[in-house]
1. Please determine whether any residue of the stretch 406-418 is touching a residue at least 12 places away in the same chain (Cβ under 8 Å), of a type in the set (Gly, Ala, Ser) and touching a Cys at 6+ places or on another chain (Cβ under 8 Å).
2. Among the listed residues Phe100, Phe116, identify the single one that is under 24 Å from Leu57 (Cβ atoms) and aromatic (Phe, Trp, Tyr).
3. Just checking, how many residues over the stretch 436-454 are surrounded by fewer than 23 Cβ atoms within 10 Å (Cβ to Cβ), assigned to a helix (DSSP H, G or I) and at pLDDT 95 or above?
4. So, restricting to helices (runs of 4 or more DSSP H) that lie completely within the stretch 55-164, which ones have at least 3 residues that are touching a residue at least 24 places away in the same chain (Cβ under 8 Å) and surrounded by 22 or more Cβ atoms within 10 Å (Cβ to Cβ)?
5. Restricting to the stretch 456-467, and then to whatever is of a type in the set (Gly, Ala, Ser) and touching a helix residue (DSSP H, G or I) at 6+ places or on another chain (Cβ under 9 Å), can you tell me which residue is surrounded by the most Cβ atoms within 10 Å (Cβ to Cβ)?
6. Checking Lys359 against (1) of a type outside the set (Gly, Ala, Ser); (2) surrounded by 14 or more Cβ atoms within 10 Å (Cβ to Cβ); (3) closer than 22 Å to Gly434 by Cβ; (4) not assigned by TED's automatic domain parsing to the domain that holds Ile436, which test does it fail?
7. Of a type outside the set (A, V, I, L, M, F, W, C) and either modelled with pLDDT under 95 or assigned by TED's automatic domain parsing to the domain that holds Asp121 (or both): does that describe Gly229?
Amino acid sequence: MTVLRYSALKRPEVSPRISSSHVSQKLQSLNSVKFEDTEAWRAAADLPVGHFQLQLLTNRGPIVEVTANYKRMVLEDYLQRKQNRPERHAIRHLLGVLAFAQDRDVPDRARERFEFILSEDPDNLNAKANLAYVNGTAAPPYDEPDLTSEASKQQHARRFAEQGYAYMFELFDETKTCDRYEKGLDLYNRAMELAGDLVDHTEKEDWQFCIGLASYKILRILATGGDGGQRAQSLLESASGNFRAIVDSPHADNAIKSEAWLQFALTLKKGSEMGLHGRANIAPEHCLDRALELAPDDSLKARILARQAHFTFKTDRNEGFRRARALLDSSIDFDNSSLNFHAYSLRAEICIKQYRRSKNIALITRAKDDLEFILQQHVSPWDFERLAEAYLYLAKSSIGEESRDYIRKGLETCTKCEGCQDGAGRSILHHVRGQILCLNGQHQEAMESFQIGIACEENTGWISGNVGALAEERRHVERQYNR
């Protein structure tokens, strides 16, 4: 008899005695269902129940407090938005796992999350397993999943969806790898195949949105790596199709339609940049306009305005700068918290790019302030990278102790960037660090940094100017040597 792997304490497994009549009944049950149902049965039997046996970064640790605290704040905000939607259980599961990871000696916060889920959904498989884990007791034994009833199919489909949500939204540093989105997409697809036609429209919309989002995230990462082909086209169609289904639904509410329009816009824009051809026949800019029209609150409006600013600046880097700045200022007026980190990050990015053209140091001061604010709570390698670049320009524009202080801050920020997931492989990081080291008179170390950057460029195909910088630094050293 196959026993579902519950996230309980790890104990030796003991195989129970199985009677021949029991085996016969199970074989008859399997023979009475379609092949697709048999595949679903195998998946339900093979995958662990609960969240504590999943390969989550939150389970493996170590836990970085600043990242964990920010993730908890984001999830609490999600929960407030989704409190009347089925997805609220998936969010509470992840909050419970995060609470337990942060403080295993005091599991009350985690326990409360799982108990609350069971108060609303007494048959929730993940909640039973998760509660048993934090209580330090073995989960109740379960026989093979019976997927012959609609209720059981829904039960196991929800298990898959809740786990898929955990992979997609768990504690993580920004990364260029697809793994967590691949796992999330697989689990949501399993849920949809098993019970997509059995659950009500709100639950199906939640699943469709996450399938679309995972498809878009993978597509975006493939674009960064220069990959494309048939897989990219399939992902574009998956994302577009699921977002389109939501925005066209007569039952979906304005909140999820607005979010779907927003993600639909990003998907179409990315597909266009990759030279892919979708079937939507709609402009990404129109999707953003529709998203803004339907946005039910200031926080969502802020996110949409930030994306409009991004589109505007990418379309026209000259005249688009002023309009993008105005949109970002409006976005931050709607939501000036670190939850709106994208607006702060983008404003800093375009200020730095505009500084390279105008040499207006006030733009760098603005960028520095924005980045220092969001990095207190939201950590990403590219924001550390941009902050290090801002410190570089400030060091160049100042003298004496002030300049040395910016150099020190710049090098410390490069180290923080390198410590992020995938941070060490970013060629721009090593280019910025090399320039700071050069400014500090550490020319040998600067050349070594540029050489590492060249290796990263060769690995990723992302050219960041390290070859030219290394050649210039060598000429610099030769001139000093020949004096």
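1. So far as the stretch 406-418 goes, no, none of its residues is touching a residue at least 12 places away in the same chain (Cβ under 8 Å), of a type in the set (Gly, Ala, Ser) and touching a Cys at 6+ places or on another chain (Cβ under 8 Å).
2. Phe100
3. 8
4. Where helices (runs of 4 or more DSSP H) fall fully within the stretch 55-164 and carry at least 3 residues being touching a residue at least 24 places away in the same chain (Cβ under 8 Å) and surrounded by 22 or more Cβ atoms within 10 Å (Cβ to Cβ), they are 88-102, 125-135.
5. Taking the stretch 456-467 first, the residues of a type in the set (Gly, Ala, Ser) are 461, 464-465.
Keeping just the survivors that are touching a helix residue (DSSP H, G or I) at 6+ places or on another chain (Cβ under 9 Å) gives 464-465.
Numbers: Ser464: 20, Gly465: 17.
Looking at residues that are of a type in the set (Gly, Ala, Ser) and touching a helix residue (DSSP H, G or I) at 6+ places or on another chain (Cβ under 9 Å), I get Ser464.
6. Result: Lys359 passes all but (2).
7. Values: of a type outside the set (A, V, I, L, M, F, W, C): yes; either modelled with pLDDT under 95 or assigned by TED's automatic domain parsing to the domain that holds Asp121 (or both): yes.
In short, yes.
Quick grid of which residues meet (1) under 27 Å from Ile256 (Cβ atoms); (2) modelled with pLDDT of 95 or more:
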site	(1), (2)
Val49	no, no
Ile63	no, no
Tyr70	yes, no
Gln102	no, no
Ala127	yes, yes
Glu144	no, no
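The values are calculated or read from the model by the stated rules, or taken from the named source; none is laboratory data. The structure presented is a predicted model; accordingly, all values stated were derived computationally and were not measured. Glycine gets a Cβ as well: all are built from the backbone with ideal geometry, and neighbour counts include every protein chain shown.
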